[in-house]
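Data first, discussion second: the structure below is written as structure tokens.
Values quoted throughout were computed directly from the atomic coordinates according to the rules given, and no laboratory measurement underlies them. Since the model is a prediction, treat every value here as computed from it, not as a measurement. Here the Cβ positions follow ideal geometry from the backbone for every residue, glycine too, while neighbour counts run over all protein chains shown.
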Amino acid sequence: MSMQSVASHVPVPPNPGALRHIPGDEGWPFIGNTLNVLADPKGWIEKAAEKYGPVYRTNMFGETSITMLGPEANELVLFDQQRLFSSTHGWGPILGLLFPRGLMLLDFEEHRLHRRALSVAFKSGPMKSYLADLDRGIAVRVKQWKAQPGGMLVYPAMKQLTLDLAATSFLGAEIGPEVDEITRAFVDMVAAAVAPIRRPLPFTQMGRGVAGRKRIVAYFSEQIPIRRARGGGEDLFSQLCQATHEDGALLSTQDIIDHMSFLMMAAHDTLTSSLTSFVGELAAHPEWQERLREEVKGLGIEANDPSSIDNLEKMPLSEMAFKEALRLKPPVPSMPRRAVRDYSFRGYDIPAGTLVGVNPLYTHHMPEIWPDPDKFDPMRFSDEELRNRHRFAWVPFGGGAHMCLGLHFAYMQAKCFARHFLQNLSVSLEPGYQPDWQMWPIPKPKDGLKVVLKPV
Ligand code: HEM
């Protein structure tokens, strides 16, 4: 069978009896272990690992699946040298209704071709122009925060900032009066991606999400010919309107709609979550906050100067601190795949069709890899430490063919944010306050994360 036909063939879940030889339990009828996992994902997985070992059987959202833990499992599934695992049929049940044919929902050869076409939008020229947009937006917002010092909830503020930045860097500054409506439609779509009720019934998140997708599809369909006729345009959408396949053909209207919707979703919650946890760690660790502020001072740029790629390259400590925040709270805490062929791992035979999950959240806290795993220590990302670690021990951006395409965009936004934030503000927590985080499906502080801001 060719790779393409493996990808298009829908693997049928095996009979649950075919997985009984794998240790584990399926929990309650119908709901399985879903509620336990939702209540405390990290604690629950750690307990299951202790009881059953690094490969175990569980049941989530009505289907028996196999969780495989640790760097070797991450490497097997994500690097996927033998093309055993479908991302389409792993993510499909979660994202397929709202983000059909997004890059992460394509497999194998078809995925490779689309990834190649999209990668033009992430080359250094376009990245420079996104940086200019991000830089302007961040500078304006940080100035507003500076003008109203005192208490702030980080999560909602960061969500708003990330949305505003996406509107300009993804859609272009000239998007005009439609911006609020498009943003609202998009927010509805993203919220619905993780809604508990999966059918688009009236008055449900999924209902609003599907309506949001209709609005977004209409907007992109109307804009694609306009942007193509006009040519140029530095934003991501305009880049995709000019992007071509290997044979020189432009992407189809439907392809651009699907890729744009997916890209905006992939960037939005992940950046909101990671920038929130980054600020939370800086607030909790004043000594690190000061070290990073010194790094920013060392750039020798005035508060009103724009940030350049060259500036950001001179912020290695800030990058290490951001990586450590991503270790502690990976925005994508688990990743699903579906086996397209039978395979074996650690002596267990696992049949084609099995839903398989790997878990960055667990791997990032394994004490044998990360001593004192709950401690915030950016030095874990020094060159020397990196050399001595399994390359799949830290996987917030995944790995292999589906590794995050926006990884450099994420670093750029994080460092640009760190530069303006630290140059203008200091951040702290009220004494005794310990923010409580929900870790799944996307890490988020339950109370928004209260901090105190002061101008510096
Ligand atoms: C800190 C921020 C981010 C994190 C932690 C993150 C994480 C991830 C992860 C884990 C995957 C792979 C999932 C899998 O293999 O199952 C992924 C894929 C992807 N991400 Fe990100 N992401 C971030 C930001 C972004 C941004 C800013 C963009 C776009 C500008 C983006 C675009 C994508 C795309 C297009 C894919 C699919 C790649 C493919 O399937 O080939 N991400 N991301």
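Distances between placed amide hydrogens fall under 5 Å for S65 paired with T58, N59, M60, all partners being 5 or more residues away or on another chain. The largest-to-smallest principal axis extents of the Cα set in segment 311-456 are 59, 34, 29 Å. Counting only Cβ charges, +1 for Lys and Arg and -1 for Asp and Glu, the dipole size of the chain around its Cα centre is about 620 debye. For segment 391-456 versus segment 277-347, the spacing of their alpha-carbon centroids is 7 Å.
As a size descriptor, the averaged projected area of the C-alpha convex hull of segment 173-281 was calculated at 9.1 nm². The alpha-carbon atoms of the chain, seen along their principal axes, cover 65, 56, 46 angstrom, with the largest extent given first.
When segment 3-455 is described by a simple charge dipole with +1 on each Lys and Arg Cβ and -1 on each Asp and Glu Cβ, the residue from A192, V452, G398 located farthest towards its positive end is A192. Multiplying the residue separation of F79 and R115 by 0.36 nm and subtracting their alpha-carbon distance yields 11.4 nm.
Once you divide the Cα radius of gyration of segment 90-213 by 2.2 N^0.38 Å, the number left is 1.27. Here's the picture: charge each Lys and Arg Cβ at +1 and each Asp and Glu Cβ at -1 in segment 274-352, and of S308, A284, G298 the one pushed furthest to the positive end of that dipole is A284. Entry note, the chain: the mean residue ellipticity at 222 nm calculated from DSSP H runs of n ≥ 4, each adding -39500 (n - 2.57), is -15500 deg cm²/dmol after division by the residues and rounding to the nearest 500.
Helices of the chain meeting both criteria, an alpha-carbon length of 15 angstrom or more along the long axis and an average Kyte-Doolittle score not below 0.0, with helices taken as full DSSP H segments, are 154-171, 179-193, 253-284, 316-328. Restricting attention to the chain, close to 85% of DSSP beta bridges with both partner residues there are antiparallel. Sequentially through segment 356-366, phi angles give Karplus couplings (6.51, -1.76, 1.60; θ = phi - 60°) of 10, x, 10, 9, x, 4, 5, 4, 6, 10, 6 Hz, Gly and Pro residues having no value and appearing as x. Residues in segment 71-80 carry Karplus couplings, in order, of x, 5, 5, 4, 5, 4, 7, 7, 5, 6 Hz; the curve used is 6.51 cos²θ - 1.76 cosθ + 1.60 with θ = phi - 60°, and Gly or Pro positions show x. Dipole of segment 3-455 computed with +1 at Lys/Arg Cβ and -1 at Asp/Glu Cβ about the Cα centre; of S221, I175, P333, farthest Cα towards the positive end is S221. For the peptides 225-237, 150-162, the ranking by packing is 150-162, 225-237, with the highest mean count of neighbouring Cβ atoms within 10 Å listed first.
All other residues with a Cβ under 12 Å from the Cβ of N74 taken together, and with Lys, Arg as +1 and Asp, Glu as -1, what is their net charge? Neighbourhood net charge equals -1. Residues whose amide H lies under 5 Å from that of D342, counting only those 5 or more places away or on a different chain, are A352; hydrogens are built 1.01 Å from N in the peptide plane.
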